[in-house]
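The values are calculated or read from the model by the stated rules, or taken from the named source; none is laboratory data. If you're wondering where the values come from, they're calculated on a predicted model, not measured in any experiment. Virtual Cβ from ideal backbone geometry, glycine too; neighbours counted across all protein chains shown.
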Amino acid sequence: MEFDKPSSKLPEPRYEVENMNTYSAPIEGRREFLRLDFNENTLGPSPLVIKALHNIPSNHISIYPEYDGLQEAVINNLQIHHKIKGISSSEVGIFNGVDAAIHAIFHAYCNAGDYLLTTMPTFGYYNPCAKMQGMEVIAIPYQNNNFLFPYEQIYRTLQDKNIKLLMICNPNNPTGTRLSPDKILKLAEISPQTLVVIDELYEAFTGDSVLPYINFSKTPNIVILRSLSKTAGLAGLRIGFAIGNSNIINRINRVTGPYDINSFAVTAAFAALKDQLYIDKYVKNVLVAKAWLQEQLKIHKIKHHIDGGNYFLIWPERSAHEVETYLKSKGILVRNMKGKQFIDGSLRVSIGTLPQMEKFLKTFLSLVKMS
Ligand SMILES: Cc1ncc(COP(=O)(O)O)c(C=O)c1O
């Protein structure tokens, strides 16, 4: 729906808000499809999550949410299952999805005219958040056909300009580009005045996290983002975490409402964090499917790019729109990268289980074979 410019009768919104577009979800009505368009868990959450949600008593609904012990559950999970030690509860912020954490970071740290440094193409929510604050955006393209991380340029820009916020999606959505922990630490070290945010939504698939290598007292300007939306399958409940120096997490929390995360998400998070085995199994399934796909894409000579994360890009010989529409007619959703610089004409396909990817490839090839 198009909205008019406000007439003189209406209160005037902030200048930055008036000059931005509404960020809306691309499509709805996805439930009956094989959903390979949002990098979600294609099997759903652990049965323990469903059980915990079924057992929610009515007073859980009628009273405001309680968060006691959740930070500790995150810390325990990191310690037991990922061998990450030394994180304290004041270093873990809970948010209504990582989207809300990103929004709060911009809100807490960024003034009009400040610089956001990021890469291109990358996750689509950083840019509207920067616009909301009236920031200048410097987006450095990934390099070559392999979408290599533009490390030298990022390094130089951090030295040449007063950058307030550096947002790195690692591995990057949608190119899968990965940046090693030592390089991330180096970038943070040379720019102590810059808040370096590492969006690690997809780290589980290739183990790209910088978290095991950070001491937030020594490197206080790094914040790590983690979510239960993807591997844990809780996207609909909205819960994510920001992990960083206590002072930084405290400031990000200040711009967050007191009850922004609902009780259902909290209950589900406790159950999901306890059932790491379920998540690990799902990740293994995806990695098996990914290896199979990589082979198949080569065998069938389909132009593609596949790296970190649970997704890949393909450039079909027919128009991306035609392929997207055909797949949809066969019950499969993929994401068209139309309008995204450098990858316009491609489709991003999420990787689910092996049978799901076999179905995808068979359907995709059936269109290729049609004259
Ligand atoms: C890179 C990246 N960051 C953040 C998000 C949002 O995560 P959440 O569902 O926790 O808000 C997404 C969702 O697609 C994403 O791809």
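All conditions in (1) among the basic types (Lys, Arg); (2) outside the structural domain of MET337 (by TED's automatic domain parsing); (3) modelled with pLDDT of 95 or more hold for ARG35, with the sole exception of (2). Taking the stated definitions as given, is PHE241 of a type in the set (A, V, I, L, M, F, W, C), modelled with pLDDT of 95 or more and assigned to a strand (DSSP E or B)? It is true that PHE241 is of a type in the set (A, V, I, L, M, F, W, C), modelled with pLDDT of 95 or more and assigned to a strand (DSSP E or B). Among the residues of segment 96-144, those that are among the aromatic types (Phe, Trp, Tyr) and within 15 Å of the chain's Cα centre (by Cα) comprise PHE123, TYR125, TYR126. Taking the criterion of being within 29 Å of PHE38 (Cα to Cα), in contact with a helix residue (DSSP H, G or I) (Cβ under 7 Å, 6 or more places away or on another chain) and of a type in the set (Ser, Thr, Tyr), the only residue of segment 181-212 that qualifies is SER209.
Just checking, does segment 249-262 include any residue being within 15 Å of the ligand (Cβ to nearest atom) and aromatic (Phe, Trp, Tyr)? No, because not a single residue in segment 249-262 is within 15 Å of the ligand (Cβ to nearest atom) and aromatic (Phe, Trp, Tyr).
Please specify each residue of segment 298-315 satisfying the condition of being at positive phi and either surrounded by fewer than 17 Cβ atoms within 10 Å (Cβ to Cβ) or without any contact (Cβ under 8 Å) to a residue 60 or more places away in the chain (or both). Can you show your working first?
Taking segment 298-315 as the starting set, the residues that turn out to be at positive phi are 301, 309.
Across segment 298-315, the qualifying residue is only LYS301.
Being in a helix (DSSP H, G or I), within 16 Å of the ligand (Cβ to nearest atom) and aliphatic (A, V, I, L, M) is a property that ALA269 has. Look at (1) at pLDDT 95 or above; (2) under 21 Å from SER350 (Cα atoms); (3) under 19 Å from the mean Cα position of the chain (by Cα) and you find that TRP292 fails only one, number (3).
Take the residues of segment 216-236 that are assigned to a loop (DSSP other than H, G, I, E, B) and in contact with a Gly (Cβ under 7 Å, 6 or more places away or on another chain): which is nearest to the ligand (Cβ to nearest atom)? Spell out how you get there, then give the answer.
Step one: filter segment 216-236 for residues assigned to a loop (DSSP other than H, G, I, E, B), giving 216-221, 228-236.
Remaining after also requiring in contact with a Gly (Cβ under 7 Å, 6 or more places away or on another chain): 216, 228-229, 233.
On the way: PHE216: 21, LEU228: 7, SER229: 3, GLY233: 11 Å.
Result: SER229.
Filtering segment 169-191 to residues that are in contact with a Ser or Thr (Cβ under 9 Å, 6 or more places away or on another chain) and more than 10 Å from the ligand (Cβ to nearest atom) leaves THR175, GLY176, THR177, ARG178, PRO181, LEU185, LEU187, ALA188, GLU189.
Among the residues of segment 331-361, just one is within 20 Å of ASP307 (Cβ to Cβ) and among the acidic types (Asp, Glu), namely ASP344.
Conditions (1) under 30 Å from ALA289 (Cβ atoms); (2) within 16 Å of the ligand (Cβ to nearest atom); (3) in contact with a Leu (Cβ under 8 Å, 6 or more places away or on another chain), marked per residue:
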site	(1), (2), (3)
ILE27	yes, yes, yes
GLU40	yes, yes, no
ILE50	yes, no, no
ASP68	no, no, no
GLN71	no, no, no
ILE75	no, no, no
HIS81	yes, no, no
ILE84	yes, no, yes
ILE87	no, no, yes
